[in-house]
Amino acid sequence: MQRYIVKRVGEAILALFALSIIIFLMVRMTGDPALLMLPPDAGADALEDIRHSMGLDKPLVVQYGLFIRDYAHGSFGDSLRSKTPVSELVKDRLPNSLKLVGTAAVIVLLISIPLGVLSAVYRGTWIDTLATGFAVLGQAVPVFWLGILMIQLFTVKLGWLPSSGMGGLDHYIMPAFALGFFTVAAIQRLLRSSMLEAMDSEYIKLARIKGLTEFKVIWKHALRNSMISVITLGGIYIAILITLGILVEVVFAWPGMGRLMFQGIVFRDFPVVQAVVLISAAIVIFSSLVVDIAYAYLDPRIRLQ
Amino acid sequence: MAKSINTAAIQPGKANPWPKILASLKSAPLIPLSIILVFVLAAILADLITFHDAYQVRLSDRLIPPFWQDGGSWSHPLGTDPLGRDVLTRITYGARVSIIIAAAALAIGGGFGTLIGLTAGYYGGKVDSILMRLADITLAFPLILFAILLVMVLGPSMMNVIIAITLVLWARYARVIRGEVLGLMQRDFIARAKVSGASDWRIMMRHLLPNVMPTLIVLLTLQVGWVIIVEASLSFLGAGIPPPTPAWGGMLAEGREYVSTAWWVTTAPGIAIMLVVLAFNLCGDWLRERLDPKQRSI
């Protein structure tokens, strides 16, 4: 177990390290990084200042050290547009994004698990056809279009739900469903096939012979074993939710990291985009690390491999 | 890794998946295949089959509804966008953008990844562990985030979108192909090829590559839709194909402010993306079941 944890933590650190180096080199090899950090109308003095503080007159290794030191201290530079430190913008926005992703994750589990189980149990019936059709569709509809469609229906046509911003619970409904849609489809599909496999297995036959109720056989024994395949990919699902969250936040004007980044892209506010990408990537890498370790803890086969 | 040995590998050294592919075309999913055909033809023939300029701004013609609504006409079957450009024309040219990006990213990323996978699986040992560690690190990057940053630094253009996708895409191919090769390396025909003095390159290209072809084809088909969605997402965020080039994601972004008054501006590109991605996914699923029943979990 310890060896496995060390290996996975090492991989995660290497991934972050590689990401930081790629960003660092990318910025420096493709032009003058000082220009990226300043608005186009900045004067020569400001340019000289930023060159000095980024250490652009020093060797690359020293520059990289400065870059890492700043990030480790949580100082990501100033936004070009609002002139405020990016760290403050992030501090305001990050909780909002986590709330949205968390709500979506709960919705995903509440919908995809029953859907996956039912489509396996009622294989070949209309329930299966409907659930599988939904899964196939879910993987083809871009989330941002789904969000726009929902606004057209529930806000413009029916006037039931607010289309933008944060507020009461009703503000969560559309963004969280739009965000979860793709993942629901993916989990449903995976769970269906592993449930079908599980229900064909010896231990399920034994459970039936023992005289357990069909309900217990399916929802306890078969589901528990089938969930392993879903948990294996847990890290990937979290990564998908966080990345898609950016698009959903833009559609629903959700005041989170994704919208912050979008505004950064629109106004070519590089320090903001850089910080949001690095922080989001770190969250993705860290959460898949936690999922993998928890999973290895639950399933001894993984850590012994 | 014995799991990944596939049936196409039974004929040592000269496995040829093509007769099997052609024979199975009889049970092909016809609707998805015809959608793909229409999509490819639209992309190639865009200049011949459209009657409007995809770039010409005509503010007097802005936001004309599609032909079946009041105020619509057959001259703009799917209506016009906020700048008065014909939506159908821009969808048609958008197909070209999507297909160029998907083809280029998959050819470069898939080709490079396959080469890495063959090398890692064939040589094993240190080479294998270094290459696979690199692939794992790459797979840990959230692609869209990475692409946004790269495009911000390099500037939005079709080339830079292709570069960004390719830089992440290769890793999945390297992983999957390497797994297949590890299974193949245990087999007699590879040992015989080695004894008969075939060079490493020859063994990789003539003996291993044909045997991993079915898996490669399935993976490529399944990822076309994914690349198209990634490109659309980037263009939607303004970090992809820069306007005024017609790209489906960009069209959705331009129409977003008009959802309450002009639904067609966003609906048309949305349906286009959905249909094409759906078609490629269904074909990929079908190919997977045809070619490689043991690889259902790619």
Does A:Ile113 satisfy the condition of being within 14 Å of another protein chain (Cβ to nearest Cβ), part of a helix (DSSP H, G or I) and surrounded by 14 or more Cβ atoms within 10 Å (Cβ to Cβ)? no
Within the group A:Gly65, A:Gly43, which residue is more than 34 Å from the chain's Cα centre (by Cα), of a type outside the set (Val, Ile, Thr) and loosely packed, with under 14 Cβ neighbours inside 10 Å? A:Gly43
Given the range A:9-88, what helices (runs of 4 or more DSSP H) lie entirely inside it while holding 2 or more residues that are within 26 Å of A:Gly256 (Cα to Cα) and either among the hydrophobic types (A, V, I, L, M, F, W, C) or more than 14 Å from chain B (Cβ to nearest Cβ) (or both)? A:60-72
Index of the failed condition, B:Thr80 passing every other in (1) under 27 Å from the mean Cα position of the chain (by Cα); (2) modelled with pLDDT of 85 or more: (1)
What number goes with the only condition from (1) away from every other protein chain (no Cβ under 11 Å); (2) in a helix (DSSP H, G or I) that B:Ile241 does not pass? (2)
Hey, among the residues in the range B:257-273 that are small (Gly, Ala, Ser) and in a helix (DSSP H, G or I), which one's nearest to the other protein chains (Cβ to nearest Cβ)? B:Gly270
Could you grab me the full set of residues in the range A:147-192 that are surrounded by fewer than 15 Cβ atoms within 10 Å (Cβ to Cβ), among the small types (Gly, Ala, Ser) and more than 24 Å from B:Ala262 (Cβ to Cβ)? A:Gly167, A:Gly168
Just to be sure, is A:Gly124 closer than 30 Å to A:Ser194 by Cβ and more than 14 Å from chain B (Cβ to nearest Cβ)? yes
In the range B:152-161, what count of residues is obtained for those that are among the hydrophobic types (A, V, I, L, M, F, W, C) and over 19 Å from the mean Cα position of the chain (by Cα)? 3
Filter the range B:274-293 down to residues that are under 13 Å from the mean Cα position of the chain (by Cα) and either more than 8 Å from chain A (Cβ to nearest Cβ) or not β-branched (Val, Ile, Thr) (or both), then give me how many there are. 7
Where B:Ile228 falls short, out of the listed (1) in contact with a Leu (Cβ under 9 Å, 6 or more places away or on another chain); (2) within 14 Å of chain A (Cβ to nearest Cβ); (3) modelled with pLDDT of 90 or more: (1)
Right, A:Ser87: surrounded by 12 or more Cβ atoms within 10 Å (Cβ to Cβ) and farther than 15 Å from A:Ile279 by Cα or not? no
When the residues of the range B:229-264 are filtered to those that are without any contact (Cβ under 8 Å) to a residue 24 or more places away in the chain and aliphatic (A, V, I, L, M), which remaining residue is nearest to B:Tyr93 (Cα to Cα)? B:Leu252
Restricted to the range B:138-152, and to residues that are at pLDDT 80 or above and over 21 Å from A:Val266 (Cα atoms), which residue is surrounded by the fewest Cβ atoms within 10 Å (Cβ to Cβ)? B:Leu139
Working only within the range A:252-284, note down all residues that are in contact (Cβ under 8 Å) with a residue 60 or more places away in the chain, facing chain B (nearest Cβ under 7 Å) and surrounded by 23 or more Cβ atoms within 10 Å (Cβ to Cβ). A:Gln274, A:Val277, A:Ala281
Being modelled with pLDDT of 80 or more and closer than 30 Å to A:Ala296 by Cα narrows A:Arg93, A:Arg8 down to just A:Arg8
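The values are calculated or read from the model by the stated rules, or taken from the named source; none is laboratory data. All of these numbers come straight from a predicted model, not from anything done at the bench. Cβ atoms come from the backbone with ideal geometry, glycine included; neighbour counts cover every protein chain shown.
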